[in-house]
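Just below is one structure, and these are the notes that go with it.
The values are calculated or read from the model by the stated rules, or taken from the named source; none is laboratory data. All of these numbers come straight from a predicted model, not from anything done at the bench. Because the Cβ atoms are built from the backbone with ideal geometry, glycine has one as well, and the counts that use them run over all protein chains shown. The protein model used for the area step is the full one, side chains on, heavy atoms only, and it has no ligands, DNA or RNA in it. Shrake-Rupley method; radii C 1.70, N 1.55, O 1.52, S 1.80 Å.
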Amino acid sequence: MFTGTYTAIVTPFRKGKIDEPAFERLIKMQVKAGVDGVVPVGTTGESPTLNYDEHVRVIALAVKYAAGKIKVLAGTGGNSTFEAVYLTQHAEKVGAHGSLQVAPYYNKPTQEGLFQHFHAVARSTKLPIILYSIPSRCGVEISVETVNRLVHDSVNIVGIKESGGNPDRVSQLRAALGVNFTILSGDDSLTLPFMSLGAQGVVSVASNVIPREIAHMVKAQTMGKPAVALKLHDKYYPLFKDLFIETNPLPVKAALAMMGLIHEEFRLPLVPMSGKNREILRSTMKLCSVLKS
């Protein structure tokens, strides 16, 4: 259902407000490039700094600008179950195709707490749900056993975004849940390794900058053309790494600003990249032919 390339789209700001014209340009660029969908207000979309109304507004705008041409997998997770349910229900109302549900962060629930949290969210909506395991940010990992339990408990939990950097998890999930359960890489540099083990695509940060190329790489791997996919991976691997030279989404927003696509603006506690890392990123973008000068 949610296979292929999904862009973890940034939320552009201007003078403290959501820059809706810039967001429209970004979404339309994604559509034109041939990605399968976008993920608004996830980690890359700076969801922790948006209030509820803004969060729902960004999802509604993504649905509007995508115009049915690509899917919108809305980031509606939270560390409060009430918040996750509220945002998910509103995402459903504005026309999102699915929900990306991050593991509750900071409060470090047990595996039983994780199960009860996702169970409550799944029961609150008809939207298909992709779980999101990113222990480096959340402090907890959704265990394979908990994922298996959730999938057998809730028919609308259909996949997971794996951002723990562990290829062995792909094999474990595939063995436990079979081929009908969708696994997406959460790291651009691990897309091909994960897909070689049975993952079916990526939620990509790099595709903000090079959407056509990431979509081409994923399609090539899916169609049994690993040499083509590997060539693209090798070319853009330096960019994959340097888009995380500082905390995401600082580098990707800086890159998009260098390309003239957005204003480089954040909300505290996020601040612009350091000058040294900015020049490293600029050099890498030139190396990868993303910037010409």
Applying the selection to the range 36-76, what residues are among the small types (Gly, Ala, Ser) and within 12 Å of the chain's Cα centre (by Cα)?
Gly37, Gly42, Gly45, Ser47, Ala74, Gly75
Among the residues in the range 8-31, are any touching a His at 6+ places or on another chain (Cβ under 8 Å), hydrophobic (A, V, I, L, M, F, W, C) and over 26 Å from Glu83 (Cα atoms)?
yes
Among the residues in the range 207-214, are any among the charged types (D, E, K, R), in contact with an Asp or Glu (Cβ under 6 Å, 6 or more places away or on another chain) and within 30 Å of Arg14 (Cα to Cα)?
no
State all residues of the range 70-80 that are within 20 Å of Asn107 (Cα to Cα), modelled with pLDDT of 95 or more and either open to solvent by 10 Å² or more (accessible area, probe 1.4 Å) or not in a loop (DSSP other than H, G, I, E, B) (or both); if no residue qualifies, say none.
Gly75, Gly77, Ser80
Quick one: what pairs do we get from the range 265-293, first residue under 14 Å from Leu243 (Cβ atoms), second surrounded by 18 or more Cβ atoms within 10 Å (Cβ to Cβ) and charged (D, E, K, R), C-beta under 7 Å, 6+ apart or different chains?
Met273/Glu246; Asn277/Glu246; Ile280/Asp242; Leu281/Asp242; Thr284/Asp242
The range 112-128, subset assigned to a loop (DSSP other than H, G, I, E, B) and farther than 30 Å from Phe244 by Cβ, residue most open to solvent (accessible area, probe 1.4 Å):
Lys126
Of Glu279, Glu246, Glu264, the only residue that is in a helix (DSSP H, G or I) and either open to solvent by 40 Å² or more (accessible area, probe 1.4 Å) or closer than 23 Å to Arg169 by Cα (or both) is Glu279
Filtering the range 81-111 down to residues that are more than 20 Å from the chain's Cα centre (by Cα) and in a loop (DSSP other than H, G, I, E, B) yields Asn107, Lys108, Pro109, Thr110
Do the conditions hold for Val63, that is, is it out of contact with any Cys (no Cβ under 8 Å at 6 or more places or on another chain) and assigned to a loop (DSSP other than H, G, I, E, B)?
no
Looking at Ser293 and the list (1) modelled with pLDDT under 95; (2) under 21 Å from the mean Cα position of the chain (by Cα), which single condition is not satisfied?
(2)
